[in-house]
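The values are calculated or read from the model by the stated rules, or taken from the named source; none is laboratory data. Treat the numbers as computed from the prediction; the structure is a model and nothing was measured. Backbone-built Cβ (ideal geometry, glycine too); neighbour counts: all protein chains shown. Remember, those area values only see protein heavy atoms, side chains included, never the ligands or the DNA or RNA. Shrake-Rupley method; radii C 1.70, N 1.55, O 1.52, S 1.80 Å.
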Amino acid sequence: MTVRSRTAGEQTGLTYNPDYNSGSVEGISRIQLNVRDGKRLNTWRAYLKPRLGDGNLTILTSTHARRLLIDDKQVTGVEVDFRGRVGTLSAHEVILTSGALASPELLMRSGIGPADELCEVDIDPVHDLPGVGKNLQDHWLSPVIFTTGSQPVPMGEVAPAEVHLFAKSDPDLPVPDTQPLFFSVPMYAQDSAPNVQSGPVNGFTLQGGLVRPASRGEVTLSGPNPQDPSLVNPNVLSEQADVDALVASVRQCREIGRAEALSRWQPTEIFPGPEVSDDELEDYVRGSVVTYHHQVGTCRMGQDETSVVDPSTFKVHGLEGLCIADASIMPQIPTGNTNAPTIMIAERAAAVLVGSPLEGITTP
Ligand SMILES: Cc1cc2nc3c(=O)[nH]c(=O)nc-3n(C[C@H](O)[C@H](O)[C@H](O)COP(=O)(O)OP(=O)(O)OC[C@H]3O[C@@H](n4cnc5c(N)ncnc54)[C@H](O)[C@@H]3O)c2cc1C
């Protein structure tokens, strides 16, 4: 399937790109994976597990950070729920890495954020930072699903998705803004999709993908108590340019799915389905859009008044003893997937925090 999906792309006029991390992402490529010894090399295996025996590392599992402790603009620690017991941890420096949805939540629960909005949910503002929780960005997918009847589709060598491409939804764009992905399984839009899909088990999917969205969402709080849920409004497809780009990507996926290289499985398109013409895809895309799980941007780094984090020190503007080093500090979502850029942020933050030159960082 991996070879044939690449060939199918080439049959529609796409160029093979042997290394989309070489400087140009455009073209169809084999997906690069963090795999070592047949297992995903995640950040736990790569960075933390090898340091488990070090005397200066303590890991508290099943421990939920409830809020930061702040004394006159100096962060002094964290209030935690440690397996049902609430306590405090003191620190002269706190490095927040809760991710793009939870880092702004923790700041706001601590009174750090847009002061007027905090007052509305009965939280006393401690430090007015209007950009906290704003600028939420994500990558978005909309599936084109083909059934293969009684014929199962072979899985990839190591993953169900092994081929993708970066393409321009409009040839006049300076860089690609879409990232269609091949999956050797039918990926019916579920979870948070506006219209839930279902269908036969044998099939494959070409996911239309929007990777340079113009829409911006936000994370806010629903109330002052730790159990009051945060509210995530992705504001997905609120800009027509995003709708147009995702429609173009879905249209391209339909074309690739019909290519001769995939005909041995006799695929029949079931979503959007033959009754939906290329000119009627907007409703389909709005009803099937799902997250690619790449949220960023809610504690944006920068030097202007709505930025949250200083780009050279990783410190939260206007506070002492608090840094952020996760996907929330990205000002703009990268075109590619977000895991490696987040690791890069963490490596750079680590170098700054220990005062070592950035070029001294070595990859595990
Ligand atoms: C299902 C899924 C698949 C993905 N696949 C890919 C992929 O194939 N390639 C890719 O590049 N990216 C992928 N991503 C995106 C990638 O995982 C993220 O961009 C990256 O992990 C972001 O890192 P982070 O450190 O900002 O946040 P996270 O990795 O989310 O880390 C935040 C951590 O903080 C913890 N936390 C949050 N709140 C609290 C609290 N109050 N107290 C204590 N702990 C807390 C969380 O449990 C979590 O462990 C995927 C994401 C998901 C969800």
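Results, tabulated for the structure shown:
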read-out: Qualifying residues in the range 17-47 (those that are of a type in the set (A, V, I, L, M, F, W, C) and touching a Pro at 6+ places or on another chain (Cβ under 7 Å)) - the one least open to solvent (accessible area, probe 1.4 Å); value: 46
read-out: Sole residue being away from the ligand (no atom under 16 Å from the Cβ) and of a type outside the set (Val, Ile, Thr), chosen from 293, 317; value: 317
read-out: In the range 202-212, the residues that are open to solvent by 10 Å² or more (accessible area, probe 1.4 Å) and either within 27 Å of residue 337 (Cβ to Cβ) or in contact with a helix residue (DSSP H, G or I) (Cβ under 7 Å, 6 or more places away or on another chain) (or both); value: 212
read-out: Qualifying positions in the range 249-293 - buried (at least 21 other Cβ atoms within 10 Å of the Cβ) and farther than 24 Å from residue 198 by Cβ; value: 252
read-out: Identity of the residue in the range 48-72, closer than 14 Å to residue 126 by Cβ and open to solvent by less than 80 Å² (accessible area, probe 1.4 Å), that ends up nearest to the chain's Cα centre (by Cα); value: 68
read-out: Of residues in the range 306-321 being within 14 Å of residue 132 (Cα to Cα) and part of a strand (DSSP E or B), the one most open to solvent (accessible area, probe 1.4 Å); value: 315
read-out: Filter result for the condition that a residue is within 13 Å of the ligand (Cβ to nearest atom), closer than 25 Å to residue 291 by Cβ, of a type in the set (A, V, I, L, M, F, W, C) and touching a Lys or Arg at 6+ places or on another chain (Cβ under 9 Å), over 68, 106; value: 106
read-out: Every pair of residues 6+ apart whose Cβ atoms lie under 6 Å, when the first sits in the range 39-51 and is more than 17 Å from residue 338 (Cα to Cα) while the second is within 11 Å of the ligand (Cβ to nearest atom); value: none
